[in-house]
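Encoded as structure tokens, the structure appears first; notes follow it.
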Amino acid sequence: MVDHIALRVRISGRVQGVWYRAWVREAAERIGLTGWVRNRLDGSVEALFVGPESDIEAMIKACWTGPPMAKVDHIETTPAQGIAPNRFDIKPTV
């Protein structure tokens, strides 16, 4: 059995208004991660990724590119509790 981890990710740059959340959900589902993504009022995007560490690393690498109109300046990661639905959701802005 593969060990799962949970990582909270904050992505900054031009990441709102460019379909970034939908792109994150599609990419996470394709990789097989569970969790969620949401916009933050400060203009960043926040996500919780739950899954095998190697898959989360691949997702974070992909987040640096994102959808075509995005421009990522910074990605901050912190360990998190792995409490997530058995799917990947888009949550409301906070």
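The values are calculated or read from the model by the stated rules, or taken from the named source; none is laboratory data. For clarity, every value in this text was computed on a predicted model and none was experimentally measured. Positions of Cβ are generated from backbone atoms using ideal geometry, with glycine treated the same way; all protein chains shown enter the neighbour counts.
Worth pointing out:
- The residue list M59, M69 contains one member that is touching a strand residue (DSSP E or B) at 6+ places or on another chain (Cβ under 8 Å) and either free of Cβ contacts under 8 Å to residues at least 24 places away in the same chain or over 15 Å from V9 (Cα atoms) (or both), which is M69.
- Filter result for D89 (of a type in the set (D, E), part of a strand (DSSP E or B), touching a residue at least 24 places away in the same chain (Cβ under 8 Å) and loosely packed, with under 12 Cβ neighbours inside 10 Å): no
- Single residue of A22, A28, A6 found to be small (G, A, S) and out of contact with any Pro (no Cβ under 9 Å at 6 or more places or on another chain): A28
- Some residue of segment 57-67 being modelled with pLDDT of 95 or more, in contact with an Asp or Glu (Cβ under 9 Å, 6 or more places away or on another chain) and either under 15 Å from I90 (Cβ atoms) or not small (G, A, S) (or both): no
- Qualifying residue in segment 76-85 (condition: surrounded by 12 or more Cβ atoms within 10 Å (Cβ to Cβ) and either among the acidic types (D, E) or under 12 Å from W23 (Cβ atoms) (or both)): no
- Qualifying residue in segment 2-21 (condition: assigned to a loop (DSSP other than H, G, I, E, B), of a type in the set (A, V, I, L, M), out of contact with any Phe, Trp or Tyr (no Cβ under 8 Å at 6 or more places or on another chain) and at pLDDT below 95): yes
- Considering (1) aliphatic (A, V, I, L, M); (2) surrounded by fewer than 15 Cβ atoms within 10 Å (Cβ to Cβ); (3) out of contact with any Lys or Arg (no Cβ under 9 Å at 6 or more places or on another chain), the lone condition that M69 does not fulfil carries the number (3).
- Within segment 18-55, the set of residues being basic (K, R), more than 16 Å from V72 (Cα to Cα) and crowded, with 17+ Cβ neighbours inside 10 Å comprises R25 only.
- Out of T78, T65, sole residue that is at negative phi, hydroxyl-bearing (S, T, Y), over 10 Å from the mean Cα position of the chain (by Cα) and not in a strand (DSSP E or B): T65
- In segment 42-56, residue modelled with the highest pLDDT [restricted to those that are within 10 Å of H4 (Cα to Cα) and β-branched (V, I, T)]: I56
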